[in-house]
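Take a look at the structure below.
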Amino acid sequence: MTQQTHPAVQALLDGVNNGDVDAFLGCFTEDGVVDDWGREFHGTARIRAWSDAELIGARAIIGVRNVELRSGEIIVTARVGGTGFNGPSHFFFRIRGDRVSRMTIRV
C-alpha cells in the first residue's frame, strides 16, 4: 500500500514523471547528492547531467508501490519504466530542511 510521503520527495517524483528537470532539481539542497548504484553525482550541474542522460532524458516514469520511513530515511519502493532502466528499484531519501539532501537508488 502506498503511503503519503514528504512533500519534497513527492515533488521530486512528480518532476521526474512529468519530465520537468527544473522541478526535479529544485527539490535538492545546493549540495545534494544522487547515488545511482554506487556512482555519486554531487551538486546541481552533475545531477542535471546524470538526469539528462539516465533519468528524465531517458523518459523515466517512477511508479510508486510503497513508501516507508526507516532509520530517518524515506524509502520508496517503485517500478521504473522508460527508455533506460526498467524494473524494480528502491529509492532512499534523506531530507534536510524542506529539500532532499541525498537520493540513493538500489534494486
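Per residue of the stretch 81-89, in order, report the coupling 6.51 cos²θ - 1.76 cosθ + 1.60 (Karplus, θ = phi - 60°) as ³J(HN,Hα) in whole Hz, putting x for Gly and Pro.
Running phi through 6.51 cos²θ - 1.76 cosθ + 1.60 with θ = phi - 60° gives x, x, 8, x, 4, 10, x, x, 8 Hz.
Just how large is the dipole of the chain about the Cα centre, in debye to the nearest 20, putting +1 at every Lys and Arg Cβ and -1 at every Asp and Glu Cβ?
Values: 12 positive and 13 negative charges, 58 e Å.
Computed charge dipole of the chain: roughly 280 debye.
Full-extension gain between N17 and R59, please, as 0.36 nm times their residue separation minus the C-alpha to C-alpha distance.
Values: separation 42, 0.36 × 42 = 15.12 nm, distance 0.80 nm.
Result for the pair: 14.3 nm of gain on full extension.
Counting other C-beta atoms within 10 Å, which of W37, W50 has the fewest, and how do the rest follow?
Values: W37 10, W50 17.
Ranked by crowding around the Cβ, least crowded first: W37, W50.
Provide the FRET efficiency to the nearest 0.05 for the E73-E30 pair, computing r from the beta carbons and using R0 = 25 Å. If you can, show how the numbers build up before the last one.
On the way: r = 20 Å, r/R0 = 0.81.
The value I calculate is 0.80.
What order do you get for L12, L25 when you list them from fewest to most C-beta neighbours inside 10 Å?
Least to most surrounded, the residues fall as L25, L12.
Between F24, F93, F85, find the one with the highest GNM mean-square fluctuation for the chain; connect C-alpha pairs within less than 10 Å.
Comparing F24, F93, F85 in the GNM, the peak value goes to F85.
Listing E40, E73 from the residue with the fewest other Cβ atoms within 10 Å to the one with the most, what is the order?
Ranking E40, E73 by Cβ neighbours within 10 Å, fewest first, gives E40, E73.
Under 10 Å, Cα contacts only: if you run a Gaussian network model on the chain, which one of R70, R96, R46 comes out with the highest mean-square fluctuation?
In the Gaussian network model the winner is R70.
Bear in mind that the values in this text are calculations on the coordinates, not laboratory data. Because the structure is predicted, anything quoted here is derived from the model rather than measured. Here the Cβ is made from the backbone with ideal geometry for all residues, glycine too, and neighbour counts use every protein chain on show.
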